[in-house]
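Worksheet for the structure shown next.
Read the figures in this text as sums done on the coordinates, not as results from a lab. On a predicted model such as this, the values are computed, not experimentally measured, just so you know. Counting neighbours? That spans all protein chains shown, and the Cβs are built from the backbone with ideal geometry, glycine included.
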Amino acid sequence: MRTKCQTAVPVAPGKLVRLLDVFASVGLASGDYDDVTATFEIVGDETPGLLSFCTVQDNSSFGADFRIGKQELGFGFLPGWQDYAVIRDVRVSGDLRFSGEALPRKFSIPAGATGNVHLLYLRHPDVIGCTLYRAVENTVAQPDYGLEMRLIAHLNDSADWGVLAGGDNITGFADLYLGDKTDRGNGANAHYLLEVESNGQNEGVDRPYKIQCRSGSGHTLGEMVRTGAPVVF
């Protein structure tokens, strides 16, 4: 069970405030805690810059693990840095709107159609997860909606595509580790393909969908680069 606690921390301009025990500062009892996230939000109409970092001390060696805080919300509604290429949690239902278009191209598998291919740029090492949603209901798509997906990439820097996650009747995956920095592309960040296709069910109707992806190091929006792709899994 997750617990959410909060408190107010006044910070003067140009000053640094240290919370020696972040758990005690929000009224939690002493003890061991797992999977903890600390979020700092600015209260008020002004939006000054805020720098945050944390250290976790090893009580045996008294060493400390230093982590810099990451910006969660960028300009507008998109989570992540103020950069479309490094969002960390986003749910999209269509491409960005081109010049002269009234509406963006929606993600959908029309009746009788096969599949679409989406392009993702990911930054390894990282742990990612993606889920298909029904676009109208905004709920997680189950196999009976008629869709499935898989994430593929060039494995071992070869020309062959390999499946990293997903497959038959799979509409989501989580906690996928992309490998160490040297495992792919000689350390360079790489592109991945997210293939969404019909699973043979509910084929007589149009199936609009959304894609939600989460990552720790940031990713792109998952633009659709091909429609009508053949069924391959």
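Per DSSP helix of 4 or more residues, -39500 (n - 2.57); summed, then divided by the residues of the chain. What does that give at 222 nm, rounded to the nearest 500?
It comes out at 0 deg cm²/dmol, rounded to the nearest 500.
Which residue, 108, 143, 62, has the largest displacement toward the positive end of the dipole of the chain when charges sit on each Cβ (Lys, Arg +1; Asp, Glu -1)?
Sorting the options by dipole projection puts first 108.
Residue farthest toward the positive end of the dipole of the chain, with Cβ of Lys/Arg at +1 and Asp/Glu at -1: which of 5, 16, 30?
Most positive-ward Cα: 16.
With a ≥ b ≥ c taken as the square roots of the eigenvalues of the C-alpha gyration tensor of region 1-69, please select rounded if a/c is under 1.5 and otherwise prolate if a/b is larger than b/c or oblate if it is not?
Oblate is the answer for region 1-69, as a/c is 1.5 or above yet b/c matches or exceeds a/b.
In straight Cα distance, which lysines are under 30 Å from residue 4, not counting same-chain residues fewer than 8 positions off?
15, 70, 210
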